[in-house]
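The values are calculated or read from the model by the stated rules, or taken from the named source; none is laboratory data. Please read these numbers as outputs of a predicted model, since none were measured by experiment. So basically every Cβ, Gly included, is an ideal-geometry build from the backbone, and we count neighbours across all protein chains shown. SASA here: full protein model, heavy atoms, side chains in, ligands and nucleic acids out. Shrake-Rupley method; radii C 1.70, N 1.55, O 1.52, S 1.80 Å.
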Amino acid sequence: MEGREGTAEEAESAIAQLVFQMGFLRQYGQTVATYESCSTAAFRHCRTETIRPATIHTQRCAQAFVQQPGKHSIDQLIGMLSECSKYHGQLTKEAAMAQGFDRHLFAMKYLANSEGLVHSLYQDPAYTAINHNILSTSTLISPAVNLGGFAPVVPNGFGVGYGVHDEWIGCNVSSYPERNVHEFLQCVHKSRGHFLCS
């Protein structure tokens, strides 16, 4: 990936995330909460922040390709893809600069728990829902690594490790027995076909 523009990498990552949403939509009829790790290497003692790639933009675009084939013009589809990519890029930049909210909320919860306190926010069903990530993803961007793995974080989830390279994009998917990982991979493969050039 050396020498490639950051925006190209972000666009490819956005397309990969869209393909995962499309695959899940094909298999289960819905898009779902998704986690993607993001390095905060710009900071001393860095760790990661969370990118939440399942947005209204990916939902609209996934539905257009999977559930509404032929309903949208090529220009409309390109516009939706552009919105997905642009918003994913924004979320990625914010997370890389530690402007996400997940680690902040986790730290506040940890500190409150250490004092024996429980804030009502952490008992809210919305907080539980945003932390039940059905798709748990991580990308490995390095010419030294072809592919890696990432485990599911909930029993009904998938773990998706993926790599975006100069000539190919690949993924390694894992799940607990509750999910059919082979069928999910078939749905991802079929969804990926929308973006292949001849």
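For the stretch 172-192, does any single residue satisfy the condition of being polar (S, T, N, Q), assigned to a loop (DSSP other than H, G, I, E, B), touching a residue at least 60 places away in the same chain (Cβ under 8 Å) and under 18 Å from Thr31 (Cα atoms)?
yes
Conditions first: (1) assigned to a helix (DSSP H, G or I); (2) without any contact (Cβ under 8 Å) to a residue 40 or more places away in the chain; (3) crowded, with 16+ Cβ neighbours inside 10 Å. Thr31 passes all but one, so which condition is the exception?
Result: Thr31 passes all but (1).
Across the stretch 133-156, which residue is surrounded by the most Cβ atoms within 10 Å (Cβ to Cβ) among those that are of a type in the set (Val, Ile, Thr) and at pLDDT 90 or above?
Thr137
Tell me the residue from Ala95, Ala112, Ala107 that is without any contact (Cβ under 8 Å) to a residue 12 or more places away in the chain and closer than 30 Å to Ala16 by Cβ, please.
From the options Ala95, Ala112, Ala107, the qualifying one is Ala107.
Hey, can you tell me all the residues within the stretch 118-135 that are assigned to a helix (DSSP H, G or I) and farther than 17 Å from Thr55 by Cβ?
Ser120, Leu121, Tyr122, Gln123, Pro125, Tyr127, Thr128
Could you tell me which residue of the stretch 102-122 is modelled with the lowest pLDDT, considering only residues that are aliphatic (A, V, I, L, M) and open to solvent by 80 Å² or more (accessible area, probe 1.4 Å)?
From the stretch 102-122, those aliphatic (A, V, I, L, M) are 105, 107-108, 111-112, 117-118, 121; that's our starting set.
Applying the additional criterion that residues be open to solvent by 80 Å² or more (accessible area, probe 1.4 Å) yields 108, 111, 117-118.
Working: Met108: 90, Leu111: 92, Leu117: 91, Val118: 87.
Across the stretch 102-122, the extreme among qualifying residues is Val118.
For residues in the stretch 43-101 being among the hydrophobic types (A, V, I, L, M, F, W, C), under 21 Å from Val32 (Cα atoms) and not in a helix (DSSP H, G or I), which is most open to solvent (accessible area, probe 1.4 Å)?
Checking each candidate, the answer is Phe101.
Across the stretch 157-179, what is the number of residues that are within 26 Å of Thr128 (Cβ to Cβ), surrounded by 13 or more Cβ atoms within 10 Å (Cβ to Cβ) and not β-branched (Val, Ile, Thr)?
Looking only at that region, the number is 8.
Quick one: is Glu5 in contact with a Gly (Cβ under 7 Å, 6 or more places away or on another chain) and either at pLDDT below 90 or open to solvent by 70 Å² or more (accessible area, probe 1.4 Å) (or both)? Even if it seems obvious, please write down each step before you answer.
Numbers: in contact with a Gly (Cβ under 7 Å, 6 or more places away or on another chain): no; either at pLDDT below 90 or open to solvent by 70 Å² or more (accessible area, probe 1.4 Å) (or both): yes.
Here the answer is no, as Glu5 does not meet what is asked.
Any residue at all in the stretch 9-24 that's within 15 Å of the chain's Cα centre (by Cα), closer than 22 Å to Ala151 by Cα, modelled with pLDDT of 90 or more and of a type in the set (Ser, Thr, Tyr)?
No.
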